[in-house]
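Some notes on the structure that comes next.
The values are calculated or read from the model by the stated rules, or taken from the named source; none is laboratory data. As the structure is a prediction and not an experimental result, all values here were calculated from the model. Ideal geometry is used to build each Cβ from the backbone, glycine not excepted, and the neighbour counts take in all protein chains shown.
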Amino acid sequence: MAKVSVVMSVYNGERFLRQAVDSVLNQTLPDFEFIVVDDGSTNGTAEILSGYAEADPRLCVVTQENQGLIKSLNRAVGMARGEYIARMDADDISLPERLAIQVCRLDAHPQIAVLGTRYDEIDESGQVIRRGNRYVGSTLVERALLQGNSSVFCHGSVMFRRACFEHVEGYREQFRHAEDYDLWLRMAEHYELDNVAETLYQHRLRLDSVSFEYFLQQQRGAAFALECAHRRRSGLPELPFPLMDLPPSRREMGAYHLRMGTVLLQFGHVKKARAELKKAIEQFPANPYPWILWLGSLLGSSVMRRLIPLGQDLFLVFAVLRRPLIPFRT
């Protein structure tokens with residue numbers, strides 16, 4: 001039986017699918033199964049997957065009507081036989097040593113239930129535009145999670161213990177677009193979570209991706225997941241899930257424009273980025289970060305790519321210094 005089950009859901013992902021599948025099948029660790037759920041694709045995705053499945057018995061393709069990412073992932077994990085579950089996204093790339101290094105680390109540290117990696121953010125051509133993830137060490141990871149940082153892990157880079165996933169009952173459908181953050185918060189109440197220091201994954205940034213299209217729902221879902229986590233740690237029941245279709249608040253609009261401005265700068269779209277950052281400043285006039293990015297954009301994109309990680313490092317420092325954790329782990 002395979003030690004690792006790699007799980008991936010794909011919907012109309014033919015453009016980058018071959019790169020993603022090749023990166024998994026070419027891992028230095030040979031002992032794995034690869035479960036891919038084709039979530040009702042209407043383009044050439046099914047034909048691509050069929051060709052791979054015929055050539056490599058490690059790949060198992062499941063075809064279904066479109067049900068969304070959460071149901072697809074829960075289904076894939078439910079089919080998995082491996083002790084460890086490795087996530088993979090259909091437009092990303094796993095570097096060759098990824099699975100081997102994560103398995104070695106989890107074998108050596110049984111107290112760790114979730115293990116991500118450092119990663120590069122790449123554009124649609126595969127060019128690295130940013131080095132991601134400075135959160136290494138279980139204490140730092142947990143602090144950042146509980147300070148509201150939903151990007152402590154790159155979801156596609158994570159490997160976790162199947163038994164621990166089942167213990168917390170998997171992804172919850174009501175946290176659509178923030179299902180991973182909710183899962184990490186619940187797992188952190190029972191187990192340690194960490195990232196390896198090596199860069200083992202490439203996450204592709206696309207302006208048409210789900211994380212931008214559903215930014216508001218993602219932020220609201222993450223905020224509610226965090227509120228639920230703090231209530232659980234205080235011995236209180238979770239609140240009923242709130243309405244998600246309310247008009248955006250001033251704060252939410254500011255966060256959206258700041259995020260869009262930051263990503264546009266990473267892509268080198270300086271003029272569009274300035275317009276977004278100006279809107280962020282209008283919403284957050286006292287926040288120095290959009291001001292720094294807007295002023296820095298006048299100096300060119302190469303300078304900006306150094307300023308963006310600096311701002312993220314400042315957030316990391318404040319995350320460590322702010323309120324202490326509430327013990328919960330059982």
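Quick notes on this structure:
- Residue in the range 163-173 that is in a helix (DSSP H, G or I), among the hydroxyl-bearing types (Ser, Thr, Tyr) and in contact (Cβ under 8 Å) with a residue 60 or more places away in the chain present: no
- Residues that are free of Cβ contacts under 8 Å to residues at least 40 places away in the same chain and part of a strand (DSSP E or B), drawn from the range 40-96: Leu59, Cys60, Val61, Val62, Thr63, Gln64
- Matching residues in the range 278-309 - criterion: being modelled with pLDDT of 85 or more and either in a loop (DSSP other than H, G, I, E, B) or under 22 Å from Ile122 (Cα atoms) (or both): Pro285
- The range 200-240: number of residues that are small (Gly, Ala, Ser) and at pLDDT below 80: 2
- Top-ranked residue in the range 5-17 [being in contact with a helix residue (DSSP H, G or I) (Cβ under 6 Å, 6 or more places away or on another chain) and in a helix (DSSP H, G or I); ranked as farthest from Leu106 (Cα to Cα)]: Glu14
- Single unsatisfied condition, Lys71 versus (1) more than 25 Å from Glu179 (Cβ to Cβ); (2) at pLDDT 95 or above: (1)
- Within the span defined as the range 110-126, every residue fails to be in contact with a Leu (Cβ under 7 Å, 6 or more places away or on another chain) and in a helix (DSSP H, G or I).
- Some residue of the range 27-39 being surrounded by 18 or more Cβ atoms within 10 Å (Cβ to Cβ), assigned to a helix (DSSP H, G or I) and out of contact with any Lys or Arg (no Cβ under 7 Å at 6 or more places or on another chain): no
- Index of the failed condition, Ser249 passing every other in (1) modelled with pLDDT under 85; (2) hydroxyl-bearing (Ser, Thr, Tyr); (3) under 29 Å from Tyr119 (Cα atoms): (3)
- Filter result (small (Gly, Ala, Ser) and surrounded by fewer than 17 Cβ atoms within 10 Å (Cβ to Cβ)) within the range 115-147: Ser125, Gly126, Gly137
- Per the conditions (1) among the aliphatic types (A, V, I, L, M); (2) touching a Leu at 6+ places or on another chain (Cβ under 8 Å); (3) surrounded by 20 or more Cβ atoms within 10 Å (Cβ to Cβ), the sole criterion not satisfied by Met88 is (2).
- Test: residue in the range 150-159 that is among the β-branched types (Val, Ile, Thr), assigned by TED's automatic domain parsing to the domain that holds Leu99, in contact with a Lys or Arg (Cβ under 6 Å, 6 or more places away or on another chain) and under 24 Å from Gln266 (Cβ atoms): yes
- Note on the range 158-178: among residues that are farther than 18 Å from Val6 by Cα and at pLDDT 95 or above, the one that is nearest to the chain's Cα centre (by Cα) is Arg172.
- The condition of being touching a residue at least 40 places away in the same chain (Cβ under 8 Å) and closer than 22 Å to Asp107 by Cβ holds for only one of Ala20, Ala2, that being Ala2.
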